[in-house]
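Here is the structure we will look at, set down as structure tokens.
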Amino acid sequence: MKILVTGGAGFIGSHVVDAYVQHNHEVVVVDDLSNGKQENLNPRARFYALDIRDDKLDEVFAAEKPQVVNHHAARANLRESMLKPMLFADVNILGSLHLLELSRKHGVQRFINISTGGAVYGDPAYLPADERHPVNPLDPYGASKAAFEHYLPLYRTNYGLEFVVLRYANVYGPRQDPYGEAGVVAIFANKMLHAGQPVVNGSGEQERDFVYVSDVAQANLLALFKGDGGFYNIGTGVGTSINAIFSSLKDATGYSGSQVHGPPKPGEVFKIYLSADKASRELGWSASTSLGEGLLRTVEYFRLKD
């Protein structure tokens with residue numbers, strides 16, 4: 001099967017590309033390298049350095065004729081979205097719609113859309129949040145991802161384009177950027193390994209659903225053949241506090257520093273974790289990597305990267 005992966009040089013997208021290649025699929029990567037890295041690219045995938053809004057993408061679709069589009073490319077920094085809502089709408093809504101139009105035009109069979117379970121639900125009315133939970137994002141990033149989701153059933157009804165939506169929890173693991181504002185596992189692990197000072201925002205009792213990146217890649221494999229028309233949370237169903245992450249990483253790295261707290265970040269959901277029961281029933285997916293094992297693998301990656 002030929003699959004076009006947008007954002008395939010990024011943290012999560014590159015793991016998805018690797019999984020597809022390992023299962024003998026033919027993969028084409030489109031990435032503008034604004035966040036992705038050349039070093040993440042799988043050598044067996046063909047690479048096009050393009051923004052998803054670029055008109056030249058039409059030529060890529062015409063030449064490659066993908067059967068599936070796996071759409072990971074996005075502006076994804078929640079805090080940046082508060083400052084640049086127009087940019088996030090331009091990339092995450094209009095850029096994604098450009099891909100959808102090209103998929104329709106060039107006969108793509110299935111569109112796997114990556115969304116966010118951490119941001120589309122807003123402050124949860126109940127936990128763990130399942131797919132029936134109201135979509136009520138609190139930031140422009142979540143709003144842009146939620147808005148684009150509405151186009152997918154429309155294209156399925158009118159043009160027969162199959163789709164699957166995967167709403168990720170907090171994905172962590174090797175290749176995550178340790179220098180951005182998001183990605184607490186990578187940021188803490190990198191600072192601890194280099195005798196830096198990780199700062200816990202607020203009390204540290206905030207809870208997130210941490211899911212290991214290789215498990216997420218497995219969900220993308222299953223979505224090639226299952227789940228048409230479905231929206232699926234991809235998480236563990238368990239909330240873990242930032243304080244617990246700090247403690248586990250301190251043990252894993254041998255960090256001797258103390259835990260320091262800074263001011264809380266405004267506008268962030270305090271606790272969110274996702275039920276993945278629907279993904280288990282309909283895709284046959286569940287997270288198989290324990291948090292302890294995943295954190296050890298992540299620490300080892302950053303240790304060896306030096």
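Rounded to the nearest 20 debye, the dipole magnitude of segment 95-175 is 320 debye, with +1 charges on Lys and Arg beta carbons, -1 on Asp and Glu beta carbons, and the Cα centre as origin.
Taking a point 7 Å out from the Cα of VAL238 in the direction of its Cβ, the residues of segment 122-161 whose backbone N falls within less than 18 Å of it are 127-129.
Binning all Cα-Cα separations of segment 137-188 at 10 Å, short to long from zero, yields these whole-percent fractions: 20, 33, 30, 15, 2. What separates the Cα centres of segment 1-64 and segment 243-280 is a distance of 31 Å.
Rg and Dmax, both from the Cα atoms of segment 196-283 and both in Å, are 16.6, 49. Do the alpha carbons of any pairs in LYS105/LYS145; LYS2/LYS56; LYS145/LYS271; LYS278/LYS305 sit beyond 28 Å of each other, and which pairs? Going by Cα-Cα distance, LYS278/LYS305 fall outside the 28 Å limit. Tell me the angle of helix 242-253 to the major Cα principal axis of the chain, expressed in degrees between 0 and 90 and rounded to the nearest ten. Approximately 80 degrees, to the nearest 10. Using 0.36 nm per residue and subtracting the Cα-Cα separation, the extra length available between SER290 and MET1 on full extension is 100.9 nm.
Taking amide hydrogens as placed 1.01 Å from N in the peptide plane, the amide H of ARG75 sits under 5 Å from those of ASN92, each at least 5 positions away in sequence or on another chain. Placing one equal scatterer on every Cα of segment 134-227 and applying the Debye formula, the log10 ratio I(q)/I(0) at q = 0.19, 0.23 Å⁻¹ is -1.10, -1.28. Extent of segment 12-120 along its three principal axes (Cα atoms, max minus min coordinate, largest first): 40, 30, 24 Å. Counted over the chain, the DSSP beta bridges are approximately 5% antiparallel. All other residues whose Cβ lies under 12 angstrom from that of VAL17 are scored, Lys and Arg at +1 and Asp and Glu at -1, for a net of 0.
For GLU80, GLU205, what ranking results if the residue with the fewest other Cβ atoms within 10 Å of its Cβ goes first? Let's see the in-between values first.
On the way: GLU80 18, GLU205 12.
So the ranking, lowest neighbour count to highest, is GLU205, GLU80.
Peptides 255-261, 236-242, 184-190, ordered by how many other C-beta atoms sit within 10 Å of their residues on average, highest first, read 184-190, 236-242, 255-261. Once the mean of 1/r is taken over each pair of separate Cα atoms and inverted, segment 82-130 shows a Kirkwood hydrodynamic radius of 13.3 Å. Between TYR179 and ASN24, the distance separating the two model label sites (each 7 Å from Cα on the Cα→Cβ line) works out to 4.0 nm. Derived scalar couplings between HN and Hα for segment 156-171 equal 5, 5, 8, 10, x, 7, 5, 8, 9, 10, 10, 9, 6, 7, 7, 7 Hz in order, rounded to whole Hz, by the Karplus curve 6.51 cos²θ - 1.76 cosθ + 1.60 (θ = phi - 60°), x for Gly and Pro. Simple point charges give the picture: +1 on the Cβ of Lys and Arg, -1 on the Cβ of Asp and Glu, and for the chain a dipole about the Cα centre of about 180 debye. Peptides 49-57, 213-221, 1-9 ranked from most to least packed by the mean count of surrounding Cβ atoms within 10 Å: 1-9, 213-221, 49-57. Taking the centroid of alpha carbons for each part, segment 82-103 and segment 200-241 are 23 Å apart. The angle separating the long axis of helix 213-222 from the principal Cα axis of greatest extent in the chain is about 20 degrees.
First obtain the Kirkwood hydrodynamic radius of segment 246-306 from its Cα pairs, then insert it into the Stokes-Einstein equation at 4 °C and 1.567 mPa s, and state the resulting D in µm² per second as a whole number.
Values: Rh = 15.0 Å.
Answer, rounded: 86 µm²/s.
Across segment 103-179 the C-alpha pair distances fall into 10 Å bins from zero in the proportions 17, 40, 31, 12, 1 percent. Under 15 Å from a label point set 7 Å out along the Cα-to-Cβ vector of ARG46, the amide N atoms of segment 1-20 belong to 1-6.
If you take the beta carbon distance between SER203 and ALA63 as r and set R0 to 41 Å, what does 1/(1 + (r/R0)^6) give as a FRET efficiency, to the nearest 0.05? Intermediate values should be presented prior to the final figure.
Working: r = 53 Å, r/R0 = 1.29.
E between SER203 and ALA63, to the nearest 0.05, is 0.20.
Read-outs: derived from the displayed coordinates by stated rules, not from any lab. This structure is a prediction, so every number in the text was calculated from the model and none was measured. Every residue, glycine among them, receives a Cβ derived from its backbone with ideal geometry; neighbour counts consider all protein chains shown.
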